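See below for the structure under consideration.
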């Protein structure tokens, strides 16, 4: 029986894709205990985790407060010190990310000659710019790299599995009443935003999609997102299309998860909500700009034909989408007719 710590909390989408691997790991190795240092909002998934999985939430910076930066810095130092003090309670540690806190923890383990097996995900291989000229057609995925790290700890033959049925069956009546969501309509989740501008479908085209479905009585459009700018944009849409419901900054992540699980389909960018919807077995149409599904982040349970991409010679131009567009026709990769998007959504809704 081993007590194993697995660390992956940075970036919501990246942390989400690890969860099916954790389920596979804990299901296959029932005698071991797995403590997951993960995003503080992920307790919502504990009900679908095997009993030998424990979540330890990572601290995060609060979105409001004059001294939130200073407070977060102090909390992070205290948390790092605490991590070092209880690291020796583990037999194995898998660093599925390797940022400053993880580097300090690893260094402390080595300096104190702690008898702990260590494995790291080789993210440098994944993020290498050498993958771009070949359009990332190397079959490399982030999940495969995590599986390699876990195999180095003796955890072999893992295949990601995740059953969200308990989440899908949650009672949502009170939540739906609070948000004015109709349980009698097919719900269309739309996540129009991404951290990177190069991955955002033009908002005027997105508005055309929203307009079309907002006029159909059998559907209700729900907008997912977060942040002041996004809220301002969505509030403007709602003034024009009052049947559309915005969830931005209105509910918790736990409640967002409950709502997403009830949706018939989700329209997303290459963003965290792509992974959330896929995790919950919601059909997804995703729109790709500077990045591409073959980069290695595309959910394995989704069909590639549901990824809308122009597949230009310059796509992908980066792994993250964090590079400026070099195409003479700026963001040509995102110039996709809204009628195509609408048709792809309807193809799934009409099944």
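The values are calculated or read from the model by the stated rules, or taken from the named source; none is laboratory data. As the structure is a prediction and not an experimental result, all values here were calculated from the model. As a convention, Cβ positions derive from the backbone with ideal geometry for all residues, glycine included, and neighbour counts pool all protein chains shown.
Quick notes on this structure:
- Of the residues screened, residue 124 is one that is surrounded by fewer than 13 Cβ atoms within 10 Å (Cβ to Cβ) and either modelled with pLDDT under 95 or not assigned by TED's automatic domain parsing to the domain that holds residue 275 (or both).
This table checks each residue for (1) modelled with pLDDT of 95 or more; (2) in contact with a helix residue (DSSP H, G or I) (Cβ under 6 Å, 6 or more places away or on another chain); (3) closer than 30 Å to residue 122 by Cα; (4) surrounded by fewer than 20 Cβ atoms within 10 Å (Cβ to Cβ).
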site	(1), (2), (3), (4)
151	yes, no, yes, yes
156	yes, no, yes, yes
166	yes, yes, no, yes
177	yes, no, no, yes
180	yes, no, no, yes
192	yes, yes, no, no
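- Subset of segment 273-297 [closer than 18 Å to residue 318 by Cβ and touching a residue at least 60 places away in the same chain (Cβ under 8 Å)]: 274, 287, 288, 289, 290, 291, 292, 294, 295, 296, 297
- Qualifying residues in segment 103-118 (those that are in contact (Cβ under 8 Å) with a residue 12 or more places away in the chain and assigned to a helix (DSSP H, G or I)) - the one nearest to residue 147 (Cα to Cα): 106
- Number of positions in segment 90-102 that are touching a residue at least 40 places away in the same chain (Cβ under 8 Å) and outside any loop (DSSP other than H, G, I, E, B): 5
- Considering the conditions (1) without any contact (Cβ under 8 Å) to a residue 12 or more places away in the chain; (2) not in a helix (DSSP H, G or I), residue 193 is excluded by exactly one of them, (1).
- Wholly within segment 198-317, helices (runs of 4 or more DSSP H) carrying at least 2 residues that are closer than 23 Å to residue 173 by Cβ: 253-261, 272-279
- Boolean, residue 295 is at pLDDT 95 or above and not assigned by TED's automatic domain parsing to the domain that holds residue 41: yes
- Scanning segment 27-34 for any residue that is outside any helix (DSSP H, G or I), under 18 Å from residue 96 (Cα atoms) and assigned by TED's automatic domain parsing to the domain that holds residue 94 turns up at least one such residue.
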